[in-house]
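Only the coordinates and a few stated rules stand behind these numbers; no lab work does. What you see is a predicted model; the values in this text were computed from it and never measured. In this analysis, Cβ positions are derived from the backbone assuming ideal geometry, glycine residues included, and neighbour counts consider all displayed protein chains.
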Amino acid sequence: MKKPLTSVILLVGLSGAAHAAPAPVVEAGGDLESRVARLEAQFESRSRAQLEMMQRLSALQDDLRDLRGITEEHDHQLQQLLDRQREIYKEIARLQTGAPAAGTDTAAPSGTPAAATPQVVTTTPDYSNNLSENEAYDRAVGLVLKQKDYAKATDAFRKFIQDFPKSSYIDNAHYWLGQLLYSDRKLDEASQSFSVVVNRYPNSTKRADAMLKLGIIAKEKGDKAGASSYFNRVIKEYPDSTSARMAKDSLGSL
C-alpha cells in the first residue's frame, strides 16, 4: 500500500509542477512588451525633438537671409555716405589749399532755358585768376559746409551764377543750388538747376548725380515714366558709378 500511495503523491507533485511552469514565461513576455513600449516612447520623443530642431533650423536660415538682405542694404547706404563724405572733404581741401574744383567746364549763361539745345564751351579748368570769383564761390560753399546757413547759401549760389556765368565752377554752382533747393523741397526749381548740369555740362563730375536727382524728383512727383527714363540714362551713361547703382535700386522700387 505504501508504494501506490507514494506514486500517487509523486504524480500529483509532478502535475502541479507542470501546471506552475508557464508562469515565468508570462512574466518575461510582460517585461518585453514594457521594453518595447518604452523604446517606442523614446523614439517618438526623439522624433519630435528632431522635428523641432529642423523647424528651428529653418527659422534660423530665414532669419539669416533677412539679415543678409539688411546687411547688403546697410552696405549700400554706407557706400553712399562715404561717397558724399569724400566729396565734402574734397571741397574742404580745395577751400583750405586754394586748389581748383575738380572736373568743371564752363557754358552759356544760366539764363538759357534748360530744355534748349546744349551749347558747350570748353575752357581750361585752372583756378580762376579773378579773385572776386574765387572768393564768391568759396563764400557760398563755406555757407553750406562751415556755417550750415542754407538759406544764405542758396542766395549766394544764385548770385554767383548770375555774376559769373562762365566761371570754371559754374556746373558745381548749379549742382549745389539744386541740392539746396531739393533739401528745401522746392522740387521744380531744383529740377531746373540739375537740368542745367545735365544738359550743358557733359564733362561735369556732377552730371551723373544730377541726372539721378532728376529721376528721384520725377519719382517723388509721381512721374514714373520720367523717373524711369532718367534712371536708365544714368545706368547707360555711367554704368560703373555709384549713381548707376542707386539708379538700379530706384528702378526696382518704381
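Some points to look at:
- For S253 and K186, the difference between the fully extended length at 0.36 nm per residue and the C-alpha to C-alpha distance is 21.8 nm.
- Gain upon complete extension [K221, L51; 0.36 nm per residue less C-alpha separation]: 56.1 nm
- Net charge of neighbours whose Cβ lies under 12 Å from the Cβ of S132, counting Lys and Arg as +1 and Asp and Glu as -1: -2
- Legend: calculated FRET efficiency, K236 to S58, from the Cβ-Cβ distance at R0 = 51 Å, rounded to 0.05, equals 0.75.
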